[in-house]
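The values are calculated or read from the model by the stated rules, or taken from the named source; none is laboratory data. Predicted model, so just to flag it, every value in this text is computed and none were measured. Here Cβ is always computed from backbone atoms with ideal geometry, including for glycine, and neighbour counts include all displayed protein chains.
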Amino acid sequence: MVIVIKIKVKKNNLKQKIAKSFGFSLLELLIYISILSILVVIISNTFISLSKSQGQSQARSEVDRDVGFATELIKQDLKNASVVSIPATVGTSPTLTITRAGVVIVYDVLNGVLRRKEGLLTTVNVTSPNTIVSTPVFTRIENTNTVFGKTQVTIKVNMTFSYNSTSSNWIYSTDLQTAVSLY
């Protein structure tokens, strides 16, 4: 015995259901595009912000490292100096000459680079090429105590260190201000 079941399907109704399930309306497409555009703007702003922060951090790190290194090197040379000479322009100069154990050490700035020359050796750059040093001022300050008949000499160092970049995302500048007393 064979049982036959007949299912009656309307062709027009099936075609309408298939057509509705495969397409998007214009309103749905506009909503999807709007949501996607908002996500792209948010993500791109996040990447731009991260890039700017990373650039500023790198600039700050490099300049601060050069400031620290220059400060320590100048302080060590001054503390061990037997003679300190600053060419006369009313006590301030962009050049510092130190004599330490008979060897002359000269600090100066050329084209934005702080340099150090020890004796007859070649000049060595103290700062990296990414750091620009400007307005170097070395000042000799003498404080005389008339009661004890002693004169205390202090060398004051002022310089501005800036990151060498044309991008506004990498701008950073700081000042080196220190004073070292000679004994």
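Across segment 120-150, what is the number of residues that are over 22 Å from Gly68 (Cβ atoms) and loosely packed, with under 12 Cβ neighbours inside 10 Å? Spell out how you get there, then give the answer.
Of the residues in segment 120-150, the ones over 22 Å from Gly68 (Cβ atoms) are 120-122, 140-150.
Right, trim to loosely packed, with under 12 Cβ neighbours inside 10 Å and you get 120-122, 142-150.
Residues meeting the conditions: 12.
From the residues in segment 97-144 that are hydroxyl-bearing (Ser, Thr, Tyr) and under 18 Å from Val180 (Cα atoms), which one is farthest from the chain's Cα centre (by Cα)? Break it down stepwise before answering.
Narrowing segment 97-144 to residues hydroxyl-bearing (Ser, Thr, Tyr): 97, 99, 107, 122-123, 127-128, 131, 134-135, 139, 144.
If we keep only those that are under 18 Å from Val180 (Cα atoms) as well, we get 97, 99, 107, 139, 144.
Working: Thr97: 30, Thr99: 34, Tyr107: 24, Thr139: 28, Thr144: 41 Å.
The qualifying residue farthest from the chain's Cα centre (by Cα) is Thr144.
Inside segment 103-112, can you point out the residues that are in a strand (DSSP E or B) and either of a type outside the set (A, V, I, L, M) or closer than 20 Å to Asp66 by Cβ (or both)? Working first, answer last.
Step one: list which residues in segment 103-112 are in a strand (DSSP E or B), which gives 103-110.
Matches in segment 103-112: Ile105, Val106, Tyr107, Asp108, Val109, Leu110.
Per-residue answers, yes or no, for (1) among the polar types (S, T, N, Q); (2) in a loop (DSSP other than H, G, I, E, B); (3) touching a helix residue (DSSP H, G or I) at 6+ places or on another chain (Cβ under 8 Å):
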position	(1), (2), (3)
Ser57	yes, no, no
Glu62	no, no, no
Val67	no, no, no
Leu114	no, no, yes
Leu121	no, yes, no
Ser128	yes, yes, yes
Ser134	yes, no, no
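Out of all the residues in segment 112-127, which are in contact (Cβ under 8 Å) with a residue 60 or more places away in the chain and hydrophobic (A, V, I, L, M, F, W, C)? Full working, then the answer.
Filtering segment 112-127 for residues in contact (Cβ under 8 Å) with a residue 60 or more places away in the chain gives 126-127.
Scanning segment 112-127 gives a single hit, Val126.
If a residue has to be among the polar types (S, T, N, Q) and modelled with pLDDT of 90 or more to count, how many in segment 1-57 make the cut? Steps first, answer last, please.
From segment 1-57, those among the polar types (S, T, N, Q) are 12-13, 16, 21, 25, 34, 37, 44-46, 49, 51, 53-54, 56-57; that's our starting set.
Keeping just the survivors that are modelled with pLDDT of 90 or more gives 34, 37, 44-46.
Result for segment 1-57: 5.
Just checking, which of Val67, Val104, Val84 is at pLDDT 90 or above and over 30 Å from Thr166 (Cβ atoms)? Steps first, please.
Details: Val67 fails: over 30 Å from Thr166 (Cβ atoms); Val84 fails: at pLDDT 90 or above.
Being at pLDDT 90 or above and over 30 Å from Thr166 (Cβ atoms) holds for just one of Val67, Val104, Val84, which is Val104.
Within segment 161-173, how many residues are surrounded by fewer than 16 Cβ atoms within 10 Å (Cβ to Cβ) and assigned to a strand (DSSP E or B)?
1
Is it true that some residue in segment 72-80 is surrounded by 13 or more Cβ atoms within 10 Å (Cβ to Cβ) and of a type in the set (Asp, Glu)?
Looking through segment 72-80, at least one residue is surrounded by 13 or more Cβ atoms within 10 Å (Cβ to Cβ) and of a type in the set (Asp, Glu).
Please name all residue pairs, on different chains or six or more residues apart, with Cβ atoms under 9 Å, provided the first residue is in segment 44-65 and is touching a residue at least 40 places away in the same chain (Cβ under 8 Å) and surrounded by 12 or more Cβ atoms within 10 Å (Cβ to Cβ) and the second residue is assigned to a helix (DSSP H, G or I) and among the aromatic types (Phe, Trp, Tyr).
Taking only residues 6 or more apart or on different chains, the pairs are Lys52/Trp170; Gly55/Trp170; Gln56/Trp170; Gln58/Trp170; Ala59/Trp170.
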